[in-house]
Each structure stands twice: as C-alpha cells, then as structure tokens.
Amino acid sequence: MDGLSELPAAATWARLHTFMAVYETGSVKAAAENLHVTPSAVSAAIAALESALGTTLFGKAGRGIVPTDAGETFATYVRKLLGLLAEAAGAVQDAERGRVRIGAVATASEYVLPRLIASFAQEHPQIELSLSVLPRDELFSLASDHAVDVVLAGRPPRGSGLVTRARRANRLVLVGRPGIQRDPLTTTWLLTALGSGTRETTLALLTRLQAAPPLLTLGTAGAAVAAAREGLGVTLVHEEAVREQLEAGELASYPVTGTPLDRPWHLCTTSEPTAATRLFLRHVCAPETVGSASFHTRHRPTG
C-alpha cells in the first residue's frame, strides 16, 4: 500500500491543497497567508506528503523554494484531482445552489461578460460565481484540469477534450492614431503578451503577408490600444474593445490584406458540464434575456 493511501482522506486533501498553494506561490509564507494558517503548519503538511511519497517535492533556490522534477510531476496530477473534486461537488449539488467557475481572456472579461454575469446573478442569486482572467493557453489548461467550469476565449486547441457549446461573432481590426500616412505594414506593430491568442494571430497574419515591421510587446490589449492612440504604432484588437474610440475619432481602422479577421468568441466546457454550468450556458444563449449580448448555438443548452 502506498504512503498516501494510508493517510486519512481529509488529511490527504488538506495537504494536497497546501502543496498546490506552495507550488503556485513559490513560498511557504505566502501559501500560509493564502490559507490562513501558520508557516509551520504549511511546512509540516509538505513534510508529511514528502514522507508519504518517499520523495522531495521542493528544493531551495536562493532565499526561496522551487519544485523538484518530482514536484512538477506531482503538481500536474494534484491540479486535476482537486479540479475533479470541485467539479464532482458541483455535479451533485442542486443546480440553483451550485457554482460556476468562469475563465475568460482579458478583453472578453471587460467587454463581453459583465452584462451576462450581472443578468445571470440576478436570475440565479443562489449560484456562486467566480471569474479567473488569464491568457488563453492558461485558461484552456485549467479547463482541461477541471479547475474552471466554462471558458470564454477563442477556439479551443485540438486534443484538449473541450467542447464549444456556443459562439458569438467577433472581429479583429487593425487600429492606430488617425492620419497615419505610412504603409501600415512598415510602421510598428504593437503586440500583447506571450500566450495571447491575439498575439499569435497577429504574428501569423504578418507571416502570411510576408511582412516584417518593427514589433513592440506591451503586454495587455489595453496597453497596446493606449500606445496606438498615442501614435506609437498600430495594433490588431477585438473590435468590441475599441468601438467607442473608433466612433469618437480617437482611433482609425487601417485595413490591410486579410483584415478584418473573423474570430468568434467560444464558450467551452468539458464533456460533462455541471447542472449550474448548463444553467449559465442556457442563460447566455437566450436573446430574450440578454439581448444582443447573447451567444448562439444550433441547439440551446438545456438546464
């Protein structure tokens, strides 16, 4: 019998939560603060896990700690275990008293979700909602690990096991300060951070056009748009995020071959969404409830 199976179930789950807190923060002290326990309690939990597993999970690096190879491997399993446990709890709860863990890319969280979340919370006040705003790749990884219930982003990658439940039209447009005289393909292109779907789309477009303009990474879409408005270059951005600035004349669109790009928003879940998640999907696909903000599917998700 392995060491973990000999521990009481409640103690095992608590120690796994503690392990992930240390893994994600990279600090015993920070993990203790997040868990509202003492650093010595965190250290004891990690020591108990290492003893049960017969391996070292963390090693020292300067003044901090880093996961060992065994710790990295263990984390991939623990993340899935804890995600499945949370999903299992949601699956057996009454839909109206469950929870929906939403993951969204930054632009969608600012311009697509607020109206949907507000109306859903009003209609289903007993359902607990949480929102994680992360780059696309991280969100799909979390969804595959059952750590979020629904993802709002672009198309999920092949082989992820995720299912697109509904879509909503969306375009990417190239924008910059009005009055740019240079060829847009020779001016600076402003990029979002690594892991961003918009960044990958931008670079793929430039490759197809065989263009090599100067590139400047600014991190977020908001920072790229602000820089474009100040004349630092042009940026490919979701049309919804700049519609008001285009209408006000603060930005202008600059069509180049291949743009605008159709990049619909996708609402994705695992193959077996919880009852509360199905209620959320049904809600956001109801135009009579959310109007023009609604998503669309051939068959409305049932709750």
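The values are calculated or read from the model by the stated rules, or taken from the named source; none is laboratory data. The shown structure was predicted, so the numbers you read here are calculated from the model rather than taken from an experiment. Cβ: placed from backbone, ideal geometry, glycine included. Neighbour counts: every protein chain shown. These area figures cover heavy atoms from the full protein model, side chains too; ligands, DNA and RNA do not enter into them. Shrake-Rupley method; radii C 1.70, N 1.55, O 1.52, S 1.80 Å.
Here are the numbers:
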| read-out | value |
| --- | --- |
| Sites matching GluC sites (Glu not before Pro) across region 226-303 that sit in DSSP coil, with at most 16 neighbouring C-beta atoms within 10 Å | GLU230, GLU250 |
| Rg(Cα) / (2.2 N^0.38 Å) computed for region 56-157, rounded to two decimals | 1.30 |
| Loop-resident sites, region 28-90, for trypsin sites (Lys or Arg not before Pro), counting at most 15 other Cβ within 10 Å (DSSP) | ARG63 |
| Restricting region 165-221 to trypsin sites (Lys or Arg not before Pro) in coil, as DSSP defines it, with at most 14 other Cβ within 10 Å | ARG182 |
| Span-rule helices in the chain, defined as complete DSSP H runs reaching 20 Å or more along the axis (Cα) with Kyte mean at least -0.5 | 9-25, 39-53, 69-92 |
| Region 168-303 shape via C-alpha gyration tensor axes, a/c threshold 1.5 | prolate |
| Whole-percent carbon and sulfur share, accessible surface of the chain, 1.4 Å | 53 |
| Cα gyration tensor shape for region 221-268, rounded if a/c is under 1.5, else prolate or oblate | prolate |
| Value at 222 nm in deg cm²/dmol, rounded to 500, when DSSP H runs of n ≥ 4 in the chain each add -39,500 (n - 2.57) | -13500 deg cm²/dmol |
| Taking N as its residue count, the alpha carbon Rg of the chain over 2.2 N^0.38 Å | 1.17 |
| Average Cα contact separation per residue, the chain, under 8 Å, 6 or more apart, as relative contact order % | 20 |
| Cβ-derived FRET efficiency at R0 25 Å, GLU72 paired with GLU138, nearest 0.05 | 0.95 |
| Residues of region 34-161: accessible area per residue with a 1.4 Å probe, Å² | 54 |
